[in-house]
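First, the structure itself, so that you have it in front of you.
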Amino acid sequence: MTLLITGGTVIGPTGATPADVLVDGETIAAVYAPGTGPSDTETLDATGKYVIPGGIDAHTHMELPFGGTFASDTFDTGTRAAAFGGTTTIIDFAVQRTGEVVQDGLAAWHAKADGNCHVDYAFHMILGGVDDDSLKAMDQLVSDEGITSFKLFMAYPGVFYSDDGQILRAMQKARDNGAVIMMHAENGIAIDVLVQQALARGETDPIHHGLTRPEALEAEATHRAIMLAEVAQDCPLYIVHLSASRALAEVAAARDAGRNVFAETCPQYLYLTLEDQLGAPGFEGAKWVCSTPLRSKHESHQRDLWQGLRSNDLAVVSTDHCPFCFKDQKELGVGDFSKIPNGIGGVEHRVDLLYQGVVDGKLSLQRWVETIATTPARMFGLYPRKGVIQPGSDADIVLYDPNGRTRISVETHHMNMDHSAYEGYEIAGKVDTVISRGEVIVSEGAYHGRAGRGKYLPRGLSTYLV
Ligand SMILES: [Zn+2]
């Protein structure tokens, strides 16, 4: 069956163009000048709305085991919430725990997701232990499993941590097989010392989570990762959840030198701060414990991050969606901030929060669409199937209403969380209609999709490298 989306303004990397979009089955069949499409088909009126490619959230953690508990969204609840927020693809992180066979970790993630997703999904692979076997597994995942990006941690000693030698070996392997290395860039060894010293002084409140993860230790790790990638002959490197000005400066310097160095930031770093959220009275700040941490509002981080999005030193906005309920989960850290599960839920709000940046004059419409959809598709080997409105691409389409309003609240969100990190935020725009592979799954706030309709997406190599 066919559907003609009429009267809207299509937003893509080349600008904003009034156009009608013909969907045939699961794909986009044609893009027409307004009023010139076929007349014998069902229509969807998009007058006054932006027609954008469905959002791609390249950093989520559904059901992630962490800190003695599990992220509270399943692939069912989390991908449904994503759909409500205009995100039609997620790339989640399958996990190889230390000592585990990589392929077993991947199989466990397929088992969690299979039959449960409301939108399409793909996986990156977290390597919890770099050794001869996991290096060999990297080749197999790239060639056979459609997994072309691997995440390593310079933080969390004893959990996910890789030392510099392990990182270098994985980067050399990625350089050979074309994969991208994703890096959690914080110096976890030094952070653990600061954490122990703070706890010994009786500093147990959530704000100390941020104070013990200073900017210098993000910037240092970012610099070290960039240097190690240089030694690995410019292995493609993607810094995840970049939060701090000096880390951004390291990425910008590498990019100015023509290196294959990329970075993402997340909405929490663009809107929330150490003082106002993490420093909330009592234990309240636990809601905003995430790593990297929220940064001080008295420094220039947020201004610099928005600037980085404009200049493409920050290429992607992901959420690092890793929700934990306040009750019984965040509360594990009462009296000891180091025991608070690290993570913020936001998979539902990314498209809206970045659109607010357009309203505020911080981003162009094109950069909005690039950072939330087109570039993640190119970066992670999903383009042009995803991330663009053009003939042959999957019909993942969001009608976005610039005259609508969205008020974010735990009362109305669809994520499995008992609070919202953005409670009370008002967005001057609204997700109106969400189409996933040709099927209208959200319209006028009502849900029409179902668990299991989302498909696994094997990915190709990045097409974003310089
Ligand atoms: Zn993460």
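The values are calculated or read from the model by the stated rules, or taken from the named source; none is laboratory data. Remember, predicted model here, so these are calculated numbers, not experimental data. Reconstructed Cβ throughout: ideal geometry from the backbone, glycine too, with neighbour counts over all protein chains shown. Note: accessible area is taken over every heavy atom of the protein model, side chains too, but ligands, DNA and RNA are not part of it. Shrake-Rupley method; radii C 1.70, N 1.55, O 1.52, S 1.80 Å.
If the Cβ limit is 7 Å and pairs must be 6+ apart or interchain, which residue in segment 296-311 that is aliphatic (A, V, I, L, M) pairs with which residue that is open to solvent by less than 100 Å² (accessible area, probe 1.4 Å) and part of a helix (DSSP H, G or I)?
Leu305/Leu248; Leu305/Tyr269; Leu305/Leu270; Leu309/Arg367; Leu309/Thr371
Return the residue satisfying two criteria in turn: it lies in segment 25-56 and is over 29 Å from the mean Cα position of the chain (by Cα) and not in a loop (DSSP other than H, G, I, E, B), and of such residues it is surrounded by the fewest Cβ atoms within 10 Å (Cβ to Cβ). Spell out how you get there, then give the answer.
Our first condition is that a residue be over 29 Å from the mean Cα position of the chain (by Cα); within segment 25-56, this holds for 30, 32-45, 47.
With the extra rule that they be not in a loop (DSSP other than H, G, I, E, B), the set shrinks to 30, 32, 42-45.
Details: Ala30: 18, Tyr32: 14, Glu42: 9, Thr43: 16, Leu44: 21, Asp45: 13.
The extreme case among them is Glu42.
Here's something else I'd like to know. Tell me, which residue of segment 57-90 that is part of a strand (DSSP E or B) and surrounded by fewer than 24 Cβ atoms within 10 Å (Cβ to Cβ) is nearest to the ligand (Cβ to nearest atom)? Break it down stepwise before answering.
Filtering segment 57-90 for residues part of a strand (DSSP E or B) gives 57-60, 65-66, 69-70, 87-90.
Then keep just the ones that are surrounded by fewer than 24 Cβ atoms within 10 Å (Cβ to Cβ); that gives 65-66, 69-70.
On the way: Pro65: 13, Phe66: 10, Thr69: 16, Phe70: 14 Å.
Restricting to residues being part of a strand (DSSP E or B) and surrounded by fewer than 24 Cβ atoms within 10 Å (Cβ to Cβ), the top hit is Phe66.
Moving on to the next point. Filter segment 223-247 down to residues that are farther than 22 Å from Leu211 by Cβ, away from the ligand (no atom under 16 Å from the Cβ) and small (Gly, Ala, Ser), then give me how many there are.
2
Report, by residue number, each residue of segment 121-180 that is open to solvent by 30 Å² or more (accessible area, probe 1.4 Å) and not in a helix (DSSP H, G or I).
Asp131, Tyr156, Pro157, Gly158, Val159, Tyr161, Asp163 - these are the residues of segment 121-180 that are open to solvent by 30 Å² or more (accessible area, probe 1.4 Å) and not in a helix (DSSP H, G or I).
Being in the same structural domain as Val193 (by the TED database), of a type outside the set (D, E, K, R), on the phi > 0 side of the Ramachandran plot and in contact with a Ser or Thr (Cβ under 7 Å, 6 or more places away or on another chain) narrows it down to one of Gly424, Gly392, Gly343, Gly335, so name that one. Working first, answer last.
On the way: Gly424 fails: in the same structural domain as Val193 (by the TED database); Gly392 fails: in the same structural domain as Val193 (by the TED database); Gly343 fails: in contact with a Ser or Thr (Cβ under 7 Å, 6 or more places away or on another chain).
On inspection, the qualifying residue turns out to be Gly335.
Another question about this same structure. What's the number of the only condition in (1) open to solvent by 10 Å² or more (accessible area, probe 1.4 Å); (2) closer than 25 Å to Lys287 by Cβ; (3) within 23 Å of the chain's Cα centre (by Cα) that Pro267 fails to meet?
The number of the failed condition is (1).
Here is a yes/no grid of residues against (1) touching a helix residue (DSSP H, G or I) at 6+ places or on another chain (Cβ under 7 Å); (2) closer than 30 Å to Val289 by Cα; (3) open to solvent by 10 Å² or more (accessible area, probe 1.4 Å):
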site	(1), (2), (3)
Met379	no, yes, no
Pro384	no, no, yes
Met417	no, yes, yes
Ser420	no, yes, no
Glu423	no, yes, yes
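Scan Glu331, Glu250, Glu264 and give me the residue that is within 30 Å of Phe75 (Cα to Cα), away from the ligand (no atom under 16 Å from the Cβ), acidic (Asp, Glu) and outside any loop (DSSP other than H, G, I, E, B). Talk me through it step by step, then tell me what you get.
On the way: Glu250 fails: within 30 Å of Phe75 (Cα to Cα); Glu264 fails: away from the ligand (no atom under 16 Å from the Cβ).
Criteria check complete, one pass: Glu331.
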